[in-house]
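So the structure is just underneath, and the comments pick up after that.
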Amino acid sequence: MLKGKTIVLGITGSIAAYKMANLASMLVKLNADVEVIMTQNATNFIHPITFETLTNKKCMVDTFDRNFQFQVEHVSLAKRADVVMVAPATANVIAKMAYGLADDMLTTTVLACECKKIVAPAMNTRMFHNPAVQENLKRLQAYGMEVIQPEKGMLACRDIGDGKLPDPEILLAYILKEVAFEKDLKGKKVLVTAGPTVEAIDPVRYITNHSTGKMGYAIARNCMMRGADVTLVTGPTSIPKPHFVNVIEIQSAREMFEAVKACAEEQDIIIKSAAVADYRPKYIHDEKIKKNGSSMTLELEKTDDILKYLGEHKKKGQFLCGFSMETENMIQNSREKLKKKNVDMIAANNLKQAGAGFGTDTNVITLITEKQTKQLELMTKDEAAKQIIDEILRCQKEKENGEAYEKNV
């Protein structure tokens, strides 16, 4: 995901510096070129050899290190950097960056960089809320730097309050948002549905399905990293919610229908990957149903057909993608669904095919449009999400070119 990207990690003298080893490892696993710069104070909390081992690169501390004799290293690195993250950022280094002071390798490099800069403060809560520190953070934001708000909790000094460095997974999310993908969805609004729905029988029991939400969450993440304003309507799941996405949590098919209906009109792209129940109990009992006899019959009624509603109310220029989970006649059934529900594309898969379906980290998808059927190979759901969005953008561009041609003719 980050192949060919140069990520500069600036680490300052905070006890939270230990968390950055995990982040450096995560970035390397994503094929990033990771360069680590430490202040002299930071070396008192974690040794540079840790980062050198993880990144297979010399950790920079001294501006005048003679090992970099053939180039002005902080300028050379600044030219290559795609993003700089200073984390943990102490009050001292924040003040230096706010006023353009450059007296070590880290601050000179940050000052020379023209790429996006992300700053993650970490310090005692009293220091963080000091008006001087807050003013310096505002100054950094005015310069175009992104400031990550620290988390609240017990600090190293045993105080409780704001000042904790967020976990590496959150720091990574900020980096991925910035450089993982070209921003080809910038300015677009995307609505994604994901996960199962839960249809109550009584206060104890319900009807649901095996959907985990992994595919829909991967799509929402991909759209976010490509610059879209993403709304995710999700049923109950046990996986982490995507960062930087407007998440609307629902339970039932009816709740999902109402949530989608409320925001559908303003969307440029709608991707309906949720596994919505087709039927729900006609009557919901107020009390737990007691065992009575050897069997029980539930009367069911149809739920709202969300995809059909979206197709009937699709506005001009809006792209609608549905999902089709089949166990037989996948292509035929999906094509019928495409036409019947006025959908632009169906992402179809067969539950019986190895590597596809619910609960897996992989998928095998066939993308079906009016003009073509495109079979994708077995791939991770993150990779499949990218392929789905790539195909949607291709279809939109093809349609725009066709309309432009007809207009000129």
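The values are calculated or read from the model by the stated rules, or taken from the named source; none is laboratory data. Just so it is clear, the structure is predicted and the values come from calculations on it, not from any experiment. Note: ideal-geometry Cβ built from the backbone for every residue, glycine included; neighbour counts use all protein chains shown. Side chains included, ligands, DNA and RNA excluded: accessible areas come from the protein's heavy atoms. Shrake-Rupley method; radii C 1.70, N 1.55, O 1.52, S 1.80 Å.
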Could you run through the range 181-209 and say how many residues are closer than 30 Å to residue 150 by Cβ and surrounded by fewer than 20 Cβ atoms within 10 Å (Cβ to Cβ)?
3
Could you please tell me which pairs satisfy a Cβ distance under 9 Å, a separation of 6+ or placement on different chains, a first residue in the range 372-393 that is touching a residue at least 60 places away in the same chain (Cβ under 8 Å), and a second residue that is open to solvent by 60 Å² or more (accessible area, probe 1.4 Å) and part of a helix (DSSP H, G or I)?
382/221; 385/221
Is there a residue being farther than 22 Å from residue 193 by Cβ and in contact with a Ser or Thr (Cβ under 6 Å, 6 or more places away or on another chain) anywhere in the range 349-370?
yes
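Considering each of 183, 164 in turn, give the residue that is out of contact with any strand residue (DSSP E or B) (no Cβ under 7 Å at 6 or more places or on another chain), among the basic types (Lys, Arg) and over 29 Å from residue 325 (Cβ atoms).
183 is the lone residue from the list that is out of contact with any strand residue (DSSP E or B) (no Cβ under 7 Å at 6 or more places or on another chain), among the basic types (Lys, Arg) and over 29 Å from residue 325 (Cβ atoms).
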Just give me the residues in the range 95-113 being under 25 Å from residue 179 (Cβ atoms), open to solvent by 30 Å² or more (accessible area, probe 1.4 Å) and hydrophobic (A, V, I, L, M, F, W, C), in sequence order.
102, 111, 112
Within the range 318-338, restricting attention to residues that are of a type outside the set (A, V, I, L, M, F, W, C) and open to solvent by less than 60 Å² (accessible area, probe 1.4 Å), which residue is modelled with the lowest pLDDT?
326
May I ask you to list the residues in the range 235-270 that are part of a strand (DSSP E or B) and open to solvent by 20 Å² or more (accessible area, probe 1.4 Å)?
246, 247, 248, 249
Among the residues of the range 355-369, what is the count of those that are touching a helix residue (DSSP H, G or I) at 6+ places or on another chain (Cβ under 8 Å), under 14 Å from residue 216 (Cα atoms) and crowded, with 19+ Cβ neighbours inside 10 Å?
2
Hey, residue 182 hits all of (1) within 20 Å of the chain's Cα centre (by Cα); (2) in a loop (DSSP other than H, G, I, E, B); (3) closer than 30 Å to residue 285 by Cα but one; which does it fall short on?
(3)
For the range 257-299, give me each residue that is over 28 Å from residue 223 (Cα atoms) and in contact (Cβ under 8 Å) with a residue 60 or more places away in the chain.
279, 280, 281, 284, 285, 286, 287, 288, 289, 298
Take residue 401 and decide whether it is at pLDDT below 95, open to solvent by 40 Å² or more (accessible area, probe 1.4 Å), on the phi > 0 side of the Ramachandran plot and over 29 Å from the mean Cα position of the chain (by Cα).
no
Restricting attention to the range 210-230, does a residue exist that is more than 14 Å from the chain's Cα centre (by Cα) and surrounded by fewer than 18 Cβ atoms within 10 Å (Cβ to Cβ)?
yes
Check every one of the helices (runs of 4 or more DSSP H) wholly within the range 1-110 and list those with 2 or more residues that are at pLDDT 95 or above.
19-29, 48-55, 91-98
